[in-house]
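What follows is one structure encoded as structure tokens, with my remarks underneath.
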Amino acid sequence: MHPPPNSTRRQFLSLAGGAAVLGAAPVVTLRPAEATPEMLASSIRNVTGGAAVKTGKVKLDVPPLVENGNTVPLTVSVAHPMAPEDHVSSIHVFNEKNPQPNIASFHLGPHNGRAQVSTRIRLTDSQKVVAIAKLSDGSFWSASVDVVVTLAACTEEVI
């Protein structure tokens, strides 16, 4: 019996398909289920480059007691002018225990008019939330709030 004339093409396609499936396989990395205070400090160092962070100018509005950690309202405002030569260039929000300590980074410019951002975040447990603002002169300012979460996010079982 003779092999079919398209057998080499079929072999090539099956090999190419197998290679594509192997190439699309996800790469699994293991990381802790929650961040540690050391991970928080490391994330802050990555943003600030090791520069000193002063307390003040930044106001972090987060409820101190949250019933549900799935949607926690957060507003960060910075008491600083937004002139072209002197403005807030970015606002960064960090947390202490979520799997990724850097929650959000907002990049601003003088065209924003006011250095204020609002969003909703998820918190896995009671923890500290930190906001850091970088000014156009390169200085960093911060505020932090301890938040108590009664029903943690990401822990409910689906039935």
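Throughout, read-outs are computed from the coordinates displayed, never taken from laboratory work. Fair warning: this is a prediction, and the values are worked out from it, not measured in the lab. Glycine also receives a Cβ, built like all others from the backbone with ideal geometry; neighbour counts cover every protein chain displayed.
For the stretch 49-159, the relative contact order works out to 36 percent when only alpha carbon pairs closer than 8 Å and six or more residues apart are counted. Taking other residues whose beta carbon is less than 12 angstrom from the beta carbon of Q116, and scoring Lys, Arg as +1 and Asp, Glu as -1, yields +1.
For the stretch 129-143, the Karplus equation 6.51 cos²θ - 1.76 cosθ + 1.60, evaluated at θ = phi - 60°, returns couplings of 10, 10, 10, 10, 10, 9, 8, 5, 7, x, 7, 10, 10, 9, 8 Hz by residue, with Gly and Pro reported as x. Near the amide H of L108, within less than 5 Å, lie the amide hydrogens of S90, I91, all on another chain or at least 5 residues away, with H placed in the peptide plane. Taking 12 Å as the cut-off, the amide N atoms of the stretch 53-95 that come nearer than this to a point 7 Å along the Cα-to-beta-carbon line of S126 belong to 65-66.
Close amide H contacts of T124 (hydrogens built in the peptide plane, cut-off under 5 Å, sequence separation of 5 or more or a different chain): N98, A153.
Rounded to the nearest whole Hz, the Karplus-based 3J(HN,Hα) values (6.51 cos²θ - 1.76 cosθ + 1.60, θ = phi - 60°) of the stretch 92-106 follow the sequence 10, 10, 10, 9, 8, 10, 5, x, 10, x, 8, 6, 7, 10, 10, with x at glycine and proline.
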